[in-house]
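First the structure, in the form of structure tokens, and then the observations on it.
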Amino acid sequence: MEMFNQQEVEKRRTFAIISHPDAGKTTITEKLLLFGGAIQQAGEVRARKSARHATSDWMELEKQRGISVTSSVMKFTYNGCEINLLDTPGHNDFSEDTYRVLTAVDSVLMVIDSVKGVETQTRKLLEVCRLRHTPIMTFMNKLDREGQEPLDLLDDIEKNLKMQTAPITWPVGMGKRFRGTYHLYTKELIFFDAEAANGTGEVLSVNGLDDPRLDEMLGSQVDELRHDVELLEGAAHPFDKEAYLAGQQTPVFFGSAINTFGVQQLLDAFIEYAPPPLPRETISRAVSPYEAPFSGFTFKIQANMDPAHRDRIAFFRICSGKFTRGMKVRHVRLGREVQIANATIFMAQDRTNVEEAWPGDIIGIHNHGTIKIGDTFTQGEDLKFTGIPSFAPEHFRKVRLLNPMKSKALEKGLVQLAEEGATQVFKPVMGADWVIGAVGLLQFEVVMHRLEHEYSVKVAFEPVSYVTARWVTGEKKKIEEFEKKEAMHVYIDGEGKLTYMAGSQWRLDNTIDTWKELSFHETSEHS
Ligand code: G4P
């Protein structure tokens with residue numbers, strides 16, 4: 001096959017950072033952008049983060065939407081590579097978008113706080129990566145603090161995240177005794193110097209661990225290093241690029257983001273090993289990034305600054321071909337040609353109009369509600385990209401309509417908001433009240449606010465005792481039987497799919513056990 005766009009594809013890296021709040025994602029993002037020359041000084045990304053988290057309710061958040069739009073995708077260049085870093089919102093604004101962003105990247109950087117080890121949010125996000133076998137690079141952060149033993153940290157990843165670890169660098173001491181890291185492959189010792197402008201002190205190339213210069217420089221700490229590395233030979237895996245690319249092994253780097261220590265080693269390895277844009281599955285075939293015709297899909301939709309205009313930005317991942325401004329593309333679900341006159345590309349600092357973009361790039365397309373999550377655009381072929389699903393909600397609310405005359409408007413609003421991925425909606429098979437589901441609580445506030453302001457529907461939310469949901473498929477007869485027997489807990493989602501709601505994990509396990517002929521799915525593809 002002819003390799004179209006080869007150079008443009010190979011120099012691109014599209015990734016996201018996953019971490020638990022406070023592990024250091026903002027700090028490391030900032031340092032990466034500094035290396036990429038995309039920002040001039042530390043503090044710019046942090047300022048945006050604080051602005052976002054200073055907001056306590058959705059009204060305030062609304063004002064800050066500009067911030068979350070601009071920081072959604074950050075583009076920078078480093079060593080000839082074009083890097084797209086996609087933000088995965090955390091804290092209060094954790095939502096389905098956070099999950100879905102991970103369906104649009106080719107690899108992931110996992111940041112772990114070495115004091116705390118693997119934490120819940122990281123574990124959740126990693127589950128999503130696992131669905132697609134996404135390659136994951138790990139940065140163990142905050143080595144300048146007294147943290148857990150490095151070997152225990154590796155063990156934590158292996159046990160909790162069920163992934164092989166392959167340390168690339170290894171720390172010498174930690175906290176007050178942190179001296180730097182030893183690169184297990186280049187055999188370089190990089191000294192930590194908190195006083196130096198970028199935290200990096202002298203770099204010493206040695207002939208392996210027996211080199212007497214190590215004794216000179218490290219004193220008694222060299223014994224710890226020798227001991228650790230000896231243990232590693234038995235306990236850790238050697239770096240295996242294929243296993244990394246298959247999502248089975250994660251290379252691990254140690255450092256301190258706030259001191260910019262270890263970040264450049266990480267970035268250099270990232271450029272070298274992280275995959276360029278990969279082929280993407282569609283219902284009919286895999287699409288290679290080197291194909292000439294343009295194609296891509298929407299993974300996130302964001303209501304724009306001015307709700308009065310119902311203007312939305314659809315975030316669109318290019319999968320093949322080349323985008324040029326004003327080009328006509330086929331909106332496959334609608335079966336219509338549309339012209340993309342105004343696409344936006346997101347730079348680290350602001351948004352600019354796009355003239356051209358290639359596979360791996362993310363562009364923003366303005367629209368008035370005609371684009372749904374998962375929509376595919378092509379240059380003619382009827383393709384439908386897969387792997388951009390809905391994720392089983394973890395929080396539920398019953399929707400009570402305050403003005404009963406508005407039930408049609410409520411239905412329209414809920415269905416549209418579900419299409420945008422703002423929430424998930426479920427209509428009971430028995431009974432009248434809609435239930436909405438989310439993975440992050442802020443989603444409920446967003447829905448209430450938008451129903452009122454965009455659809456003039458006032459609602460109240462009431463608690464409902466569900467903790468999880470599953471999409472159910474199976475043979476027609478069995479499904480009918482299931483619907484009858486479990487009627488109280490069966491719902492139809494916004495796309496007409498049968499959903500089972502469970503009041504507890506035990507209840508769910510029990511139902512799955514009882515209905516062995518049926519399949520219960522944690523994710524559901526958009527149709
Ligand atoms: P997040 O985006 O993952 O939530 O984390 P963020 O980068 O905001 O970092 C969380 C806290 O951890 C911040 O401190 C940050 O300065 C600190 N931090 C990040 N990297 C390191 C590191 O390598 N060593 C140490 N010791 N701390 C680190 P904060 O007090 O919450 O914020 P600030 O007052 O520093 O802004």
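The values are calculated or read from the model by the stated rules, or taken from the named source; none is laboratory data. Because the structure is predicted, anything quoted here is derived from the model rather than measured. Heads up, the Cβs are rebuilt from the backbone with ideal geometry, glycines too, and the neighbour counts pull from every protein chain shown.
Within region 482-527, the set of residues being over 19 Å from Arg397 (Cα atoms), among the small types (Gly, Ala, Ser) and in contact with an Asp or Glu (Cβ under 9 Å, 6 or more places away or on another chain) comprises Ser524, Ser527. Residues being charged (D, E, K, R), in a helix (DSSP H, G or I) and either within 16 Å of the ligand (Cβ to nearest atom) or touching a residue at least 24 places away in the same chain (Cβ under 8 Å) (or both): count how many of those fall in region 238-290. Number of matching residues: 2. Got at least one residue in region 148-156 being in contact (Cβ under 8 Å) with a residue 24 or more places away in the chain, outside any helix (DSSP H, G or I) and out of contact with any Phe, Trp or Tyr (no Cβ under 8 Å at 6 or more places or on another chain)? The answer is yes; a qualifying residue exists. When only residues in region 1-45 that are closer than 21 Å to Asp97 by Cα and surrounded by fewer than 18 Cβ atoms within 10 Å (Cβ to Cβ) count, which is modelled with the lowest pLDDT? It comes out as Pro21.
One residue is enough: does region 291-308 have a residue meeting the conditions surrounded by 15 or more Cβ atoms within 10 Å (Cβ to Cβ), touching a Pro at 6+ places or on another chain (Cβ under 7 Å) and either assigned to a strand (DSSP E or B) or among the hydrophobic types (A, V, I, L, M, F, W, C) (or both)? No, every residue in region 291-308 fails to be surrounded by 15 or more Cβ atoms within 10 Å (Cβ to Cβ), touching a Pro at 6+ places or on another chain (Cβ under 7 Å) and either assigned to a strand (DSSP E or B) or among the hydrophobic types (A, V, I, L, M, F, W, C) (or both).
For residues that are over 17 Å from Val73 (Cβ atoms) and of a type in the set (Asp, Glu), scanning just region 91-124, find the one that is surrounded by the fewest Cβ atoms within 10 Å (Cβ to Cβ).
Narrowing region 91-124 to residues over 17 Å from Val73 (Cβ atoms): 91-92, 94, 96, 110-124.
Applying the additional criterion that residues be of a type in the set (Asp, Glu) yields 96, 113, 119.
On the way: Glu96: 22, Asp113: 22, Glu119: 16.
Across region 91-124, the extreme among qualifying residues is Glu119.
Applying the criterion of being aliphatic (A, V, I, L, M) and in a strand (DSSP E or B) to the residues of region 309-327, the residue that is modelled with the highest pLDDT is Ile318.
Between Thr473, Thr468, the distinction of being surrounded by 15 or more Cβ atoms within 10 Å (Cβ to Cβ) and polar (S, T, N, Q) belongs to Thr468 only.
Listed residues Glu195, Glu127; which is modelled with pLDDT under 95, surrounded by fewer than 16 Cβ atoms within 10 Å (Cβ to Cβ) and under 30 Å from Phe391 (Cβ atoms)?
Details: Glu195 fails: under 30 Å from Phe391 (Cβ atoms).
None of the others qualify; the one that does is Glu127.
Of everything listed in (1) surrounded by 18 or more Cβ atoms within 10 Å (Cβ to Cβ); (2) touching a Lys or Arg at 6+ places or on another chain (Cβ under 8 Å), the single unmet condition for Phe178 is (2). Selection of region 255-268 for residues being surrounded by fewer than 19 Cβ atoms within 10 Å (Cβ to Cβ) and touching a Phe, Trp or Tyr at 6+ places or on another chain (Cβ under 8 Å) yields only Gln264.
Only one of the numbered conditions (1) surrounded by fewer than 22 Cβ atoms within 10 Å (Cβ to Cβ); (2) under 27 Å from the mean Cα position of the chain (by Cα) is not met by Lys398, and that is (2). Limited to region 14-37, what total is found for residues that are more than 6 Å from the ligand (Cβ to nearest atom) and either out of contact with any helix residue (DSSP H, G or I) (no Cβ under 8 Å at 6 or more places or on another chain) or touching a residue at least 60 places away in the same chain (Cβ under 8 Å) (or both)? Number of matching residues: 14.
Residues in region 265-305 that are among the acidic types (Asp, Glu) and either under 17 Å from the mean Cα position of the chain (by Cα) or over 30 Å from Phe253 (Cβ atoms) (or both): Glu281, Glu291.
Look through region 113-124, keep the residues that are modelled with pLDDT of 95 or more and more than 10 Å from the ligand (Cβ to nearest atom), and return whichever of them is farthest from Gly296 (Cα to Cα). Spell out how you get there, then give the answer.
Start the filter on region 113-124 by keeping residues that are modelled with pLDDT of 95 or more, which leaves 113-118.
Then keep just the ones that are more than 10 Å from the ligand (Cβ to nearest atom); that gives 116-118.
On the way: Lys116: 38, Gly117: 36, Val118: 34 Å.
Among them, the one singled out is Lys116.
Taking region 141-151 as the range and being near the ligand (Cβ under 10 Å from one of its atoms) and not acidic (Asp, Glu) as the test, the residues that pass are Asn141, Lys142, Leu143, Arg145, Gly147. Of the residues that make up region 155-175, is at least one within 16 Å of the ligand (Cβ to nearest atom), of a type in the set (D, E, K, R) and surrounded by fewer than 22 Cβ atoms within 10 Å (Cβ to Cβ)? No, region 155-175 contains no residue that is within 16 Å of the ligand (Cβ to nearest atom), of a type in the set (D, E, K, R) and surrounded by fewer than 22 Cβ atoms within 10 Å (Cβ to Cβ).
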